[in-house]
1. Rounded, prolate or oblate, given the Cα gyration tensor of region 40-135, with a/c below 1.5 counting as rounded?
2. When the Cα centres of region 218-239 and region 113-171 are compared, how far apart do they sit, in Å?
3. Antiparallel DSSP bridges in the chain: what percent, to the nearest 5?
4. Take the alpha-carbon centre of region 70-101, take the same for region 188-212, and report the distance between them in whole Å.
5. Nearest 5 is fine: what % of DSSP beta bridges in region 1-105 come out antiparallel, could you say?
């Protein structure tokens, strides 16, 4: 199994997708009315696809998964570049912090990070930040799912691709328990040929995750929640 996709709900997938493609320097994969995909390839590290899917409206709950962008010594210039692409400054009560908080064209918060040793070699995406009720428990859960390993970071627990390149997956202490609404962003795990879907489902349950059964009809993937309730999909192995 491996982490394949970062999926974002969007009212206008093409508009938001082109924004993030420009931000990350992605390679376009799909551009259709209801979906947009762009690929972030980190040399010597992971390959992550950013997938924008159309929804009729955006939920108002605070996003539990957010992106941190690399700024470093060029933080000011990177902020100006993102503003030029369609981002805007966002006040989330951050006060005096070394990072800059922006919102993408559909209001999703992101941070442009200061220079920090933990983010060396990440590429344009410094971190994927996921709210967690128990960061230690969730770190073990996501490490098993992705094969990413523990590393130093800015959060209570952080994981990184075994290459030690590409973004960190940071498990951050949640400000409040997850509500009933689906997360605006989620992660997709891809099975490999040797993975048995039912064994993976059992492993998820053993590690305090659970399978979800929304009334969405027949789907080619299975939907789960991690121990903190964050949704993710497990996609079948490619033929």
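Computed from the coordinates by the stated procedures, all read-outs in this text should not be read as laboratory data. What you see is a predicted model; the values in this text were computed from it and never measured.
1. Note, shape of region 40-135 comes out rounded.
2. Between the Cα centres of region 218-239 and region 113-171 lies a distance of 20 Å.
3. For the chain, the DSSP antiparallel bridge percentage is about 70.
4. Computed from Cα coordinates, the inter-centre distance equals 37 Å.
5. Here the share of antiparallel DSSP bridges comes out near 70 percent.
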